[in-house]
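Here the structure is laid out as structure tokens; the discussion comes afterwards.
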Amino acid sequence: MEYDLLILGGGPGGYTAAERAGKAGLKVALFEKDNLGGVCLNEGCIPSKTLLNSAKLFSHARDSEVFGVSTTEVSFDQKRVIRRKNKIVRLLVSGIKQKMKQCNVEVIAAAASVKGRKDDLYEVIDAFDKTYTGKNLIIATGSEPIVPAVPGLKEALASGLAVTNQAILDLDTIPQHLVVIGAGIIGLEMASYFRTVGSEVTVIEMQDHVAGDIDRQLGDLLRQVLEKKGVKFLLEAQVTALDADAIHYRYQDQISQISTDKILCSAGRCPVADDLGLEKLGIVINNGAIQVDAGCRTNIPGVYAVGDVIGSWMLAHAAYREAEVAVNNILGQADEMSYEHCPCVIYTDPEVAWVGYSESEMERQGRKYRQVTIPFSYSGRYMAETEREPSLCKLILDEDSNTLAGCQLLGPYASEIIIAVGIMIERKLTLDEIKTQIFPHPTVAEVIREAIFML
């Protein structure tokens, strides 16, 4: 059977591409071996945020006396939290299935790989040896957890002592002590969650800071907030081995060990580009990721790649936009991907969000800038709803263009506020133009307005 578009992978990039192409009238086949929604919906973004929200409610209830609300007893039911998480996932997966049906997308519930090219059509074969042909092809096969070559880690994963981001979201008991390998986004969110609900938490990180390439001031403040909550960080430390009930690590030139009942391996993710038959088409792959241009095109005409498999931002919302760019180009509507205004969020408590360039990036590029950093306490609503926990709002202005170049936030609602700054950056609004915008009062977002008038 011949299609206008074949899509390998039903995660955020894959199903968004299918929806956009289907709505445009293209005949689309989408291949997904597991549940629609990919890692994000089934074992990542949505499940983790469901858990984190329960932890936030627990924290608010437990610490509400200062706001005049007293409770006799607050308890946390992990099994019930997991049941609710599973219900939310099922509902959202069902919604995607319905959306595919509405857009006339044929969903093939099977793994698939590239068979080759014949008569200017791409051939894909599924797990049942059925061949499909299409004029265009989108690779959206996502990513998988990196498992470092640490002695004993594979055995620990097999025994259940160690888990990846997928399995930890199914734990129906709270471990007494959780050790997290890696202080990236997943590691920090799970450290925040399990510490809030009662676990002792130790995070082991090879770098001298947390959260990867995040603005250093922002990352340091987040670490300090989590440390105040009881999370222990071992920075510039390296895991050397795991055994039946302990993790061994090198820290400050000494080998030490921690006894623990659960270990989270969150050492990052890598693209899934192997065993797809891509070599049959000669698709270029660099460091395990499919190479694409700004239009999400591979080196082969008619073949595109989006999402984690291209190894760039590995964010669901980036994959949504990449999918739209790819489909627009397939439809003959020139489009390109830009990441300058792509926001990032860490859903710890408090939240962290950023968009655009950091100070260090501006300095590396030799760009003239000035910045202002203020706490969220400049917002009346923030003061009304919190007890003045540590917070930060930093704006960076490009002095040559007089436009915003970046923003870093730590505080409540950061994930909801950051899009406004992203739009300011994307639209290249000047400082004077931004000053004319009316912010609703009282809102936490007014901290942005306060900072704007200080630049």
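The values are calculated or read from the model by the stated rules, or taken from the named source; none is laboratory data. Quick caveat: nothing in here was measured; it's all calculated off a predicted structure. Cβ placement follows ideal geometry from the backbone for every residue including glycine, while neighbour counts extend to all protein chains displayed.
Restricting attention to the stretch 41-64, the residues that are acidic (Asp, Glu) and under 24 Å from Thr386 (Cα atoms) total 1.
A quick yes/no check of all residues on (1) crowded, with 17+ Cβ neighbours inside 10 Å; (2) in contact (Cβ under 8 Å) with a residue 40 or more places away in the chain; (3) polar (S, T, N, Q):
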residue	(1), (2), (3)
Leu234	yes, no, no
Val239	yes, yes, no
Leu242	yes, yes, no
Asp261	no, yes, no
Ile285	yes, no, no
Asp308	yes, yes, no
Ala326	yes, yes, no
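Has the stretch 329-350 got any residue that is surrounded by 18 or more Cβ atoms within 10 Å (Cβ to Cβ), without any contact (Cβ under 8 Å) to a residue 24 or more places away in the chain and not β-branched (Val, Ile, Thr)? Within the stretch 329-350 (the criterion being surrounded by 18 or more Cβ atoms within 10 Å (Cβ to Cβ), without any contact (Cβ under 8 Å) to a residue 24 or more places away in the chain and not β-branched (Val, Ile, Thr)), the answer is no, since none of the residues qualifies. With respect to the conditions (1) without any contact (Cβ under 8 Å) to a residue 40 or more places away in the chain; (2) more than 24 Å from the chain's Cα centre (by Cα); (3) crowded, with 19+ Cβ neighbours inside 10 Å, Ser379 falls short on a single one, namely (1). Among helices (runs of 4 or more DSSP H) entirely within the stretch 392-455, having at least 1 residues that are in contact with a helix residue (DSSP H, G or I) (Cβ under 7 Å, 6 or more places away or on another chain), more than 17 Å from Glu351 (Cβ to Cβ) and in contact (Cβ under 8 Å) with a residue 40 or more places away in the chain singles out 446-452. Exactly one residue out of Ile283, Ile300, Ile258 is among the hydrophobic types (A, V, I, L, M, F, W, C) and either in a strand (DSSP E or B) or in the same structural domain as Ser159 (by TED's automatic domain parsing) (or both): that is Ile258. The number of residues in the stretch 122-159 being among the hydrophobic types (A, V, I, L, M, F, W, C), in a loop (DSSP other than H, G, I, E, B) and loosely packed, with under 13 Cβ neighbours inside 10 Å comes to 2. Taking (1) aromatic (Phe, Trp, Tyr); (2) touching a residue at least 60 places away in the same chain (Cβ under 8 Å); (3) farther than 30 Å from Val303 by Cα in turn, Phe67 satisfies each apart from (2).
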